[in-house]
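K.L.:
Below you will find the structure I want to go over with you.
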Amino acid sequence: MAEKSFKYVILGGGVAAGYAAREFAKHGVKLGEVALISKEAVAPYERPALSKAYLFPEGTARLPGFHVCVGSGGERLLPEWYMENGISLILSTEIVKADLASKTLTSSAGIKFKYQTLIIATGSTVLRLTDFGTPGADAKNIFYLREIDEADALVAAIKAKKNSKAVVVGGGYIGLELSAALRVNNIDVSMVFPEPWCMPRLFTAGIAAFYEGYYTNKGVNVIKGALVVGFETNENGEVKNVKLKDGRVLEADIVVVGVGAKPLTQLFKGQVEEDKGGIKTDAFFKTSVSDVYAVGDVATFPMKMYGDIRRVEHVDHARKSAEQAVKAIFASEEEKSVGEYEYLPFFYSRSFDLSWQFYGDNVGESVVFGDSSPTSSSHKFGSYWVKDGQVVGAFLESGSPEENKAIAKVAKVQPPADSLDKLATEGLTFASKV
């Protein structure tokens, strides 16, 4: 049985893995010291592009255009970059067993990879309706979106079924972005979700009302508070109808499902301490096991700003946590110190001609400011969250770079707020004074 040995192994092929590789290169590694092992067939890329420009009929994004690290304004790491920087890029390789005690990973082909230091950057996998036993969920033309081959399959269906009907299951990030992308492709779209409003983990009812109204005006049929209970197929096994719990039946040539994700931690169950669904780490992303680090979606880490521990699924954290872990590894080896991870939660999305950013924590009371009418020509509005008399979170739609920086500063500084009414009146003026 073949065996390969490396000083450092990055396990995963997503954003966090790519940014970890770049950080290793910055510190300087010898040829053959670092391996990046990914089950995907392509070098790490900026995954958010898959639900946006990858699906557009014009101005379409394709590799090698969005390999990491272009998403943060950095160098594009093409496959040859890895070898040029002493990093072994091992693609199309699925690890099926991890033995942290013996520092050994085993692939589905039986190859053993030995390491001295491991960075777990396995990310998340989508939740599938087949996991819940939804009848007919294994039909053809029901799509999920996480990896590039899944995006390719969806693109092929969009091209093959022009002017068709699509049902998007889910009203979160993926649901909103894919409903917009499908609509731009001139597809008749219904977006179905069981919650009372879209994006409920972040949006208040007031924020959601704008997006639901805007999407409706763009021709998206927004169906709230509705549960998908099954699918009907034609004689070719392709989906033709989506059945809702309330008895309604929606025609569909294409179904796209975005109902959440779960961190890929099963390889390490029972070998490492876990918390809140992820692998528990310290402020340097070191786990309970010596020489094992966890970054990105899989890490449950100390959120210094709020004095608690959290797991964050977002590209910004994937990038920054990967860089922090590699810096910590080298600091440890060189007996130097590195600062603790200080992360300001940041989320963003783009769809149609909209673009929003959120910083901080969406807890406490909230207030909307600006023009939040779905028919507004500027559609510039925002929201503040206030807890214990301080502004702890800020959201802004269609902000300029300067305005987005201002609301980020608000969330970081957490200035006192006299009243919600005053915040609503001052709006961005409040942020500009912080």
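The values are calculated or read from the model by the stated rules, or taken from the named source; none is laboratory data. This structure is a prediction, so every number in the text was calculated from the model and none was measured. Note that we place each Cβ from the backbone using ideal geometry, even for glycine, and neighbour counts take in every protein chain shown. Accessible surface areas use protein heavy atoms only, side chains included; no ligands, DNA or RNA. Shrake-Rupley method; radii C 1.70, N 1.55, O 1.52, S 1.80 Å.
K.L.:
For the condition within 19 Å of the chain's Cα centre (by Cα), hydrophobic (A, V, I, L, M, F, W, C) and open to solvent by less than 60 Å² (accessible area, probe 1.4 Å), what is the one hit in Phe113, Phe143?
P.N.:
Working: Phe113 fails: within 19 Å of the chain's Cα centre (by Cα).
Residue meeting the stated conditions: Phe143.
K.L.:
Which members of the stretch 234-270 meet the condition of being touching a Gly at 6+ places or on another chain (Cβ under 7 Å), part of a loop (DSSP other than H, G, I, E, B) and under 27 Å from Lys327 (Cα atoms)?
P.N.:
Answer for the stretch 234-270, where residues must be touching a Gly at 6+ places or on another chain (Cβ under 7 Å), part of a loop (DSSP other than H, G, I, E, B) and under 27 Å from Lys327 (Cα atoms): Leu264, Thr265.
K.L.:
Could you say which residue among Leu31, Leu50 is of a type outside the set (D, E, K, R), open to solvent by 40 Å² or more (accessible area, probe 1.4 Å) and touching a residue at least 40 places away in the same chain (Cβ under 8 Å)?
P.N.:
Working: Leu50 fails: open to solvent by 40 Å² or more (accessible area, probe 1.4 Å).
It is Leu31.
K.L.:
Where residues in the stretch 407-425 are charged (D, E, K, R) and outside any loop (DSSP other than H, G, I, E, B), which of them is nearest to Lys304 (Cα to Cα)? Steps first, please.
P.N.:
Initial filter on the stretch 407-425 (charged (D, E, K, R)): 409, 412, 418, 421-422.
Okay, now just the ones that are also outside any loop (DSSP other than H, G, I, E, B), so 409, 412, 421-422.
Working: Lys409: 16, Lys412: 12, Asp421: 30, Lys422: 29 Å.
Going through the qualifying residues, I end up with Lys412.
K.L.:
Here's something else I'd like to know. With the structure loaded, tell me whether Glu46 is modelled with pLDDT of 95 or more, acidic (Asp, Glu) and in contact with a Phe, Trp or Tyr (Cβ under 9 Å, 6 or more places away or on another chain) or whether it fails that test. Before you say what the answer is, go through the steps one by one.
P.N.:
Working: modelled with pLDDT of 95 or more: yes; acidic (Asp, Glu): yes; in contact with a Phe, Trp or Tyr (Cβ under 9 Å, 6 or more places away or on another chain): yes.
Answer is yes for this residue.
K.L.:
To continue, here is another question. Restricting the stretch 225-240 to residues that are exposed (fewer than 14 other Cβ atoms within 10 Å of the Cβ) and touching a residue at least 60 places away in the same chain (Cβ under 8 Å), which is farthest from Gly136 (Cα to Cα)?
P.N.:
Per the criteria, the residue is Asn236.
K.L.:
Now, a different point. Has the stretch 199-221 got any residue that is without any contact (Cβ under 8 Å) to a residue 60 or more places away in the chain and part of a strand (DSSP E or B)?
P.N.:
yes
K.L.:
Restricting to the stretch 184-195, and then to whatever is open to solvent by 10 Å² or more (accessible area, probe 1.4 Å), touching a residue at least 40 places away in the same chain (Cβ under 8 Å) and outside any loop (DSSP other than H, G, I, E, B), can you tell me which residue is nearest to Gly12 (Cα to Cα)?
P.N.:
Result: Val184.
K.L.:
Scan the stretch 111-139 residue by residue and report those that are in a loop (DSSP other than H, G, I, E, B), under 22 Å from Gly14 (Cα atoms) and in contact with a helix residue (DSSP H, G or I) (Cβ under 9 Å, 6 or more places away or on another chain). Quick ask: steps written out before the conclusion?
P.N.:
Taking the stretch 111-139 and keeping what is in a loop (DSSP other than H, G, I, E, B), we get 111, 121-123, 127-128, 133-139.
So of that shortlist, the ones also under 22 Å from Gly14 (Cα atoms) come out as 111, 121-123, 127-128.
Correct list: Ala121, Thr122, Gly123.
K.L.:
For the stretch 288-371, list the strands (runs of 3 or more DSSP E) that sit wholly inside it and hold at least 3 residues that are open to solvent by 40 Å² or more (accessible area, probe 1.4 Å); which are they?
P.N.:
Values: elements: 292-294, 299-303, 308-311, 346-351, 354-360, 365-370.
In the stretch 288-371, 308-311, 365-370 are the strands (runs of 3 or more DSSP E) which contain 3 or more residues that are open to solvent by 40 Å² or more (accessible area, probe 1.4 Å).
K.L.:
Filter the stretch 271-287 for residues that are free of Cβ contacts under 8 Å to residues at least 40 places away in the same chain and assigned to a strand (DSSP E or B); which is least open to solvent (accessible area, probe 1.4 Å)?
P.N.:
Applying the first criterion (free of Cβ contacts under 8 Å to residues at least 40 places away in the same chain) to the stretch 271-287 yields 273-278, 280-282.
Filter again for assigned to a strand (DSSP E or B), leaving 274-275, 278, 280.
Details: Glu274: 61, Asp275: 52, Gly278: 0, Lys280: 70 Å².
Among those residues, the one meeting the criterion is Gly278.
K.L.:
Give the residues of the stretch 92-110 that are of a type outside the set (Ser, Thr, Tyr), open to solvent by less than 50 Å² (accessible area, probe 1.4 Å) and in a loop (DSSP other than H, G, I, E, B), sorted by residue number.
P.N.:
Within the stretch 92-110, Leu100, Gly110 qualify.
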